[in-house]
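Novice: Questions regarding the structure given below will be posed in turn.
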Amino acid sequence: WQGPSPIGGKARPGSPIATNAAGTLVAFVDTNGNVVNDWVSNGAWQGPSGLGGKARGDSPLAFNAAGDHIYFIDTDGNVANDWVSNGAWQGPSPIGGKARAGSGLATDAAGTHVAFVDTNGNLANDWVSNGAWQGPSGMGGQPRGDSPLAFNAAGDHIYFIDGNGNVANDWVSNGAWQGPSPIGGKARAGSGLATDAAGTHVAFVDTNGSLANDWVSNGAWQGPSGLGGTSR
């Protein structure tokens, strides 16, 4: 490991950071509230440059794996996106629905499903069908006010922290969203949440401050179990 080294630009206080799967594009919110990015070209970091639009003060950012779609919550509370067409960033444009204050935001690897918490506190999503955005529609459950959201790569499992502090999930079966159902363990206030591409491991910070996980074995959720270390 080498570094640290600046890659370009300054972020406003509280700005999220998102990257594509390759780690060659990094999005953030600059000091003027604009959604911007740095990118690698010819082996060197370039930028920053605006992608389009301004993010609400509490907005997360979510890139798809390819890094050609970025999702955020705009200053009017709309779930919105910028996208690449003919080599240039386009947008912003709302995709459907409004997000409550503090809403998490997640997308799948393809960037064709976007989950958020609506203004009624319900876990909801927008999705692409026949080339157009559809939704929003409820997925199941009401996340805790500080809950992050985490999709697996395929976009058929979504993880969150429910109102009782349980690590929970919704999942697709026979083409419809099912759930919510706890998978194991309780998360402390402010816990992060992450899953792997397959959606078979979910990490969080438990109520003792320990980094913990749930995992799938023989088709059933197991855990929680400590991974090692405590979180600030």
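Novice: Of a type in the set (S, T, N, Q), within 21 Å of Gly140 (Cα to Cα) and not assigned by TED's automatic domain parsing to the domain that holds Asn125: is that true of Thr195 in this structure?
Specialist: Working: of a type in the set (S, T, N, Q): yes; within 21 Å of Gly140 (Cα to Cα): yes; not assigned by TED's automatic domain parsing to the domain that holds Asn125: yes.
Yes: the conditions hold for Thr195.
Novice: With Ser41, Ser49 as the choices, which residue is in the same structural domain as Phe63 (by TED's automatic domain parsing), exposed (fewer than 13 other Cβ atoms within 10 Å of the Cβ) and over 26 Å from Ala194 (Cα atoms)?
Specialist: Working: Ser49 fails: exposed (fewer than 13 other Cβ atoms within 10 Å of the Cβ).
Step by step, each of Ser41, Ser49 is checked, and only Ser41 is in the same structural domain as Phe63 (by TED's automatic domain parsing), exposed (fewer than 13 other Cβ atoms within 10 Å of the Cβ) and over 26 Å from Ala194 (Cα atoms).
Novice: Sticking with this structure for a sec: Anything in region 39-51 that is touching a residue at least 24 places away in the same chain (Cβ under 8 Å) and not in a strand (DSSP E or B)? List them, or say none.
Specialist: none
Novice: Of all residues in region 101-126, how many are surrounded by fewer than 18 Cβ atoms within 10 Å (Cβ to Cβ), free of Cβ contacts under 8 Å to residues at least 60 places away in the same chain and under 23 Å from Ala198 (Cα atoms)?
Specialist: Here the count works out to 2.
Novice: While we're looking at this one, here's another question. Any idea which residue in region 157-182 is surrounded by the most Cβ atoms within 10 Å (Cβ to Cβ), counting only those that are over 19 Å from the mean Cα position of the chain (by Cα) and more than 14 Å from Pro143 (Cα to Cα)?
Specialist: Looking at residues that are over 19 Å from the mean Cα position of the chain (by Cα) and more than 14 Å from Pro143 (Cα to Cα), I get Gln178.
Novice: Being of a type in the set (Asp, Glu), surrounded by fewer than 20 Cβ atoms within 10 Å (Cβ to Cβ) and farther than 23 Å from Gly190 by Cα: is that true of Asp76 here? Break it down into steps so the answer makes sense when it comes.
Specialist: On the way: of a type in the set (Asp, Glu): yes; surrounded by fewer than 20 Cβ atoms within 10 Å (Cβ to Cβ): yes; farther than 23 Å from Gly190 by Cα: yes.
So Asp76 fits the description; yes.
Novice: Further, regarding this structure: Quick check: anything in region 58-73 under 16 Å from the mean Cα position of the chain (by Cα), β-branched (Val, Ile, Thr) and over 20 Å from Gly23 (Cα atoms)? Steps first, answer last, please.
Specialist: From region 58-73, those under 16 Å from the mean Cα position of the chain (by Cα) are 58-73; that's our starting set.
Now drop any that are not β-branched (Val, Ile, Thr), which leaves 70, 73.
Narrowing further to those that are over 20 Å from Gly23 (Cα atoms): 73.
Yes, the conditions are met somewhere in region 58-73.
Novice: Give Lys98, Lys54 a once-over and let me know the one that is of a type in the set (Lys, Arg), more than 29 Å from Pro4 (Cα to Cα), free of Cβ contacts under 8 Å to residues at least 40 places away in the same chain and not in a loop (DSSP other than H, G, I, E, B).
Specialist: Working: Lys54 fails: more than 29 Å from Pro4 (Cα to Cα).
Going through Lys98, Lys54 in turn, the sole match is Lys98.
The values are calculated or read from the model by the stated rules, or taken from the named source; none is laboratory data. For clarity, every value in this text was computed on a predicted model and none was experimentally measured. All Cβ positions, glycine included, derive from the backbone under ideal geometry; neighbour counts span all protein chains shown.
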